[in-house]
Amino acid sequence: MDCRESALLVSVLLLALDLCSAQNYVLSDDGGLGRVFDGIGGLSGGGATSRLLVSYAEPYRSQVLDFLFKPNFGASLHILKVEIGGDAQTTDGTEPSHMHYENDENYYRGYEWWLMKEAKKRNPNITLIGLPWAFPGWVGHGKNWPYDYPDVTATYVVNWILGAKQYHDLDIQYVGIWNERSFDNKYIKLLRYTLDKSGLERVKIIASDNLWEPIAFSLLLDPELSTAVDVIGAHYPGTTTITEALKTQKKLWSSEDYSTFNNEVGGGCWARILNQNYVNGQMTATISWNLVASYYEDLPFGRDGLMTAEEPWSGNYVVESPIWITAHTTQFTQPGWTYLQTVGHLAQGGSYIALTDGKGNLTVVIETMTHNHSVCIRPPLPPFNVTSQNATFQLKGSFASIKELQVWRSQFDFKTSKASFFEKLKPLKLVDGLFTLNLAEDEVYTLTTISTGSKGSYPDPPPSAPFPKVYKDDFDVRSPPFSEAPYFADQTGVFEYYINLTDPGPHVFTLRQVLTERPITWATDADQTISVIGDYYWQNLTVTCDVFMEKMNAGGVFIAARVDKGGQSIRSAKGVFFWVFADGTYKVTNDLVGETVLAEGQSGTEVYGWYTLSLTVKGQYASGSLNGYPLWKNAVVLTPKAGWAAIGTRSFELAQFDNFALVAE
C-alpha cells in the first residue's frame, strides 16, 4: 500500500468515525407537516421608535428602508406592525392620533402611513398590523379607560383601518386590542361586529398582545369570543407557551419580542428566539420591538432595533447583526410555507427548524447560540449548555431526492470581535439525502433549495456626527407633510405644523401643541406637554424661540435646556425650564413639574401675544431674556449637568412656537 492509498484509508476511517460520533436528525414530511408559517416582522411605534427615520435625507433614508424591507437584500421582513397613534407617551415618545377629537379626522398625521407605504412599495406582499397603545381622551369620555364606551373605541379603531385604505391604499390585515393592558370580552366581540359591518371581514383580530393567560382561558370558555379572535399574540414569551393556548387551536404568535440592545448579544438573542419560538412554543410569527432604533439613544431602550438610524442630521446609520440574522429565515421562506414536524433541539445545545413551500423547496435554519451570548432583555433566561458538535441530517419523504443545498452562515466571535454575518458558502452536495455539519458554538446556518438570497450592500453612509451645535427652524418648510418638525421628539402632547390664518404677519407658519385633554394613557405622561431636541450631552447652551399662548389665565409655555429624562420617565425630568404665563408672570424651575423654583417674577406676558424667549445655561448659571431684554440672570443650576433642549406648555393647552434656534458650545 503506497502513501496515497494510506492517506485515503485514513481519511475514510476518520470520516467514518466522524459520522459515527455525529448525532443524527431526520427531516421528513412522511408523517405530515406542522403549523403554517406566518412570518418574521418588526414593530414601528410602541413609543415613537421610528421618529427620526423620516427626517433622513435621500439616498440614506431609502437605503435604510431597503435593508429592512427589500426582498433578497437585508432583513426582507414579512410583517410590519405599527402603533395606532393615541396622542400619549408609549415608551420613547408620543405618536399622533388620526382623531384628536371626536369630530376631527386626519389620516396624514404622523409617519406610520408613510412607513407602511414604503414597506409595501418594496414588498407588495408584506403583512400590515395595527395596534393601539393609547387613545385620545374623548374616547374614554374623560376616564382613563377605553372599554366603558366600547362602541366608541371600536369605531375609532375601525376608522383608522378604513382611513388606511381610503387615503393610502393600504390593506390592514390584522388589528389588536390594547397593547399589554387588560382586554374586555364585550369589546372584542363588538370590534369584530364593527369590522364586519364596515365591510372589513378580511381583517383579523389578534388578542391580547400581553400574556398567554387569561386570553387563552377565555377563548376556551367563550365560543363567541373564540370566533372573534384569529390569533393569540403574546409578548416576550421566553420561547414557551401554555397548554391552554395550544388547546384553542388558534395561531400562536410572539407578537412582540426581542427588545434588546442590537450588539452581538442582541443578535444572538434574536437568532435563538427566531428558531425556538417555534421549536418550544409552536409560535408561527415573531415580531421584533422595535423595527429600527430611530430615536434619541438616551431615551429608554436605546438601540433596541434590528438596526440603528438615529442621526438624520449626519445621514449615518448602522446595519446591525440582527438584520442578517433575520435574513437567515426571511430570505428563504415566505408566509404560507409550512414547518416540518421534524424540528427540535440539537443534542449538544442549539436548535433546528425546517420549512417547505409544499412544492419541493426546503429551508433549514440551525442555531447554536450559547447562553451568555443570547440573553434577551426579558424574560430571564434559565441556564443551558451548548458545545461544538457534529450533526448529520437525513432528508426523507419528498425531500429525499434533493442533491444540493445552498449554504449561508453567520459566526459570532465574542473573543476577537471578528464575527462574520450572512456569508454564502459553497453549495453542499448530498448523497442519498444525507449531510453532516461541524457546528461550532454561536453559529447560525441556513441550508436551502432557494437560490435567490443575497447580502445587499450600499457604499458606507456618512460618518457619525453629533447634533449640530447651531440649529434653526422657522417651521416654514412643511414638505413632506408629517406632523412633527424635524428632530423634535414629542414626549407628552402633540406638536404639529400649523397655518395661522389669523396672523398676516411673520408667524403664519408655526409649530402648535394641539392637545387640550389628557389622553387615555399607556405610560405615565407628564401633566405638562414637552418635545425634546438636540444632543443629550449638551452642557452650555442658548435656546431661543418665539411663543404664543392661547389659554386664558392659567396658560403657560416654556423653553428648556439640560432636560435629562424622556420616555416613560418624562414626569420626573429635570433641567432648566423658563416659563412665561398668560397672567403676566414668569418662573424658572429645575424640573418639569415646577416644584424647584430658581427664579420668578413679573413678565407682562398675556394671551394671544407673541414673545421671544431666550435661555442661556453656562456652567452652573442660567439667565433668560424676554423680547431681547434681560428678565432674570445668574440663577444657580447645580443639576443636571447636561441634557436636551425642549419646548412645551404648562398643561394640555393650545400654544404656538416659531423661529426656534439653539447654539451649543
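FYI, it's all coordinate maths here, none of it is from the lab. It should be emphasised that the depicted structure is a prediction, and the values quoted were computed from it without experimental measurement. When we count neighbours, we look across all protein chains shown, and the Cβ atoms used for this are built from the backbone with ideal geometry, even at glycine.
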Can you show me the helix-derived [θ] at 222 nm for the chain, built from DSSP H runs with n ≥ 4 at -39,500 (n - 2.57) apiece and divided by the number of residues, rounded to the nearest 500.
-5500 deg cm²/dmol
Enter the mean projected area of the convex hull around the alpha-carbon atoms of segment 147-219, in nm², rounded to one decimal.
4.8
At q = 0.12, 0.13 Å⁻¹, what log₁₀ I(q)/I(0) does a Debye calculation on the Cα points of segment 37-331 give, no solvent, two decimals?
-0.72, -0.86
So, with +1 on the Cβ of K and R and -1 on the Cβ of D and E, and no other charges, what is the size of the charge dipole of the chain about its Cα centre, to the nearest 20 debye?
980
antiparallel share of DSSP beta bridges within the chain, to nearest 5, in %, is 75
Cα-only Debye scattering, segment 398-480: base-10 log of I(q)/I(0) at q = 0.11, 0.27 Å⁻¹
-0.56, -1.32
The chain: radius of gyration and largest Cα-Cα distance (Dmax), Å
27.7, 107
Two pseudo-spin positions, 7 Å from Cα along C-beta at residue 552 and at residue 36, lie apart in nanometres by 6.1
Across the alpha-carbon set of segment 470-664, Rg over Rh with Rh taken as the Kirkwood radius works out to 0.93
Could you pull the Rg and Dmax for segment 200-317, using just the Cα atoms, both in Å?
16.8, 55
I'd like to know which of 106, 294, 271 lies farthest towards the positive end of the charge dipole of segment 37-331, counting +1 on Cβ of Lys and Arg and -1 on Cβ of Asp and Glu.
271
Where does segment 124-245 land on Rg/Rh, using Cα atoms and the Kirkwood Rh?
0.96
FRET efficiency, residue 465 to residue 607 (Cβ-Cβ, R0 41 Å, nearest 0.05)
0.50
